[in-house]
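Take a look at the structure below.
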Amino acid sequence: MKIAVIPGDGIGREVMPEGLRVLEAASRRFGFELQLTHIDWASCDWYVKHGQMMPDDWKAQLEGMDAIYFGAAGWPATVPDHVSLWGSLLKFRREFDQYVNLRPVRLFDGVPCPLAGRRPGDIDYLVVRENTEGEYTNLGGVMYAGTEREIVVQETVMSRFGADRVLRHAFELARSRPRKHLTVATKSNGIAISMPWWDSRADAVARDYPDVTVDKQHIDILSARFVLEPGRFDVVVASNLFGDILSDLGPATTGTIGLAPSGNLNPDRKFPSLFEPVHGSAPDIYGRNIANPVAMIWSGALMLDFLGQRAAHDAIVEAIEQVLVNGPRTRDLGGNASTTEMGEAIAAKLG
Ligand code: NAI
Ligand code: MG
């Protein structure tokens, strides 16, 4: 497997070595080969030296990779966040057509839950977000700016091609899980053109998945149920904006952001997919070796699963489960272990 390793900025550089430590332990145990290419661009330090986040030929350098293992980008003290993000991560997502943003949401044993009375097993679902179109477009504009007649328009764009492929991916995921249940996030009562259309595409795709049960929920009550009745969910599919919000809300209900992983997937494998923690570069804790490495490590497990190493994925998740119960734990989990100690403990469980 050819993997581009991009630590990026801040704690991305502290959690990446632990992610690699665990990937290497998994490669020894399961006998697959990792060819790592270490990359120092897509970082604000590189920007300060070169005036841009990435070299002009970034796409050519990454195109032949099977996946990109990414830490975090952003260092607002030197580069504004919209410049660092649009100059790196958002280029990967769009130009590599990573049309599925996948975020598992799971409450682990040993992690205090912010929702009262919830126990491990009560929260265990996947959020599938459309990642390339929908509400996030640059179509629109302002007219009569600065006058009483000022008007602003921002378009939402949904295509049959774009909706069907992400819906199909979500149905496939639901089919692969024991409960085989898909929730479609909608808002067809308020957004009266595009959302009824989105629902109709879900109905059309559902015909190919008679074994998957489906329910549609308006995004407002769906959000409330993430908090009040998380046990209702198995796989949730949503447009770009709704999915963005749900995929932060979900992980927030399971404890620390230091655990939440994500995959930006090009399921056709025409381009490399990208695996990264949900969290950013955390300038407030960088340099102290106290960041939680689990989100990075779990993202690596998602990467192996995507590349066909299901057993290695399961073993890494199991090792994470054991360390969350028995320690060592980083500070965000109430312990006082370092990033390195927690990474070493997880790698050691893989033997
Ligand atoms: P952040 O996720 O970096 O930090 C938010 C809070 O969570 C901070 O208090 C931080 O200390 C804590 N935290 C984050 N990860 C942690 C971990 N692994 N262990 C323990 N505590 C952790 O979000 P923030 O502060 O909004 O953004 C900081 C920078 O990161 C900005 O430049 C932002 O643009 C960038 N960013 C990049 C992302 C990416 O590369 N995908 C995602 C989110 C933010
Ligand atoms: Mg977000």
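Where a number appears in this text, it was derived from the coordinates with a stated rule and is not lab data. Keep in mind that this is a model prediction, so the values were computed, not measured. No Cβ is skipped: glycine too gets one built from the backbone with ideal geometry, and neighbour counts run over all protein chains shown.
Considering only Leu36, Leu259, Leu324, the mean-square fluctuation computed in a Gaussian network model of the chain, springs between alpha carbons under 10 angstrom, is largest for Leu36.
Gyration tensor over the Cα atoms of the range 204-351: the corresponding equivalent ellipsoid has semi-axes (square roots of 5 times the eigenvalues, largest first) of 30, 20, 15 Å. Gaussian network model of the chain, Cα springs within a sub-10 Å range: biggest mean-square fluctuation belongs to which of Thr37, Thr186, Thr254? Residue with maximal mean-square fluctuation among Thr37, Thr186, Thr254: Thr37. Exposed loop positions in the chain were taken to be trypsin sites (Lys or Arg not before Pro) whose DSSP state is not H, G, I, E or B and which have at most 11 other beta-carbon atoms within 10 angstrom. Between these positions, the longest stretch is 1-148.
Sequentially through the range 37-48, phi angles give Karplus couplings (6.51, -1.76, 1.60; θ = phi - 60°) of 10, 8, 10, 9, 7, 6, 9, 6, 4, 5, 4, 4 Hz, Gly and Pro residues having no value and appearing as x. The coefficient of translational diffusion for the chain, derived via Stokes-Einstein from the alpha carbon Kirkwood radius under 10 °C and 1.306 mPa s, stands at 76 µm²/s.
Sorted largest first, the spans of the alpha carbon positions of the range 124-252 along the three principal axes are 57, 31, 23 Å.
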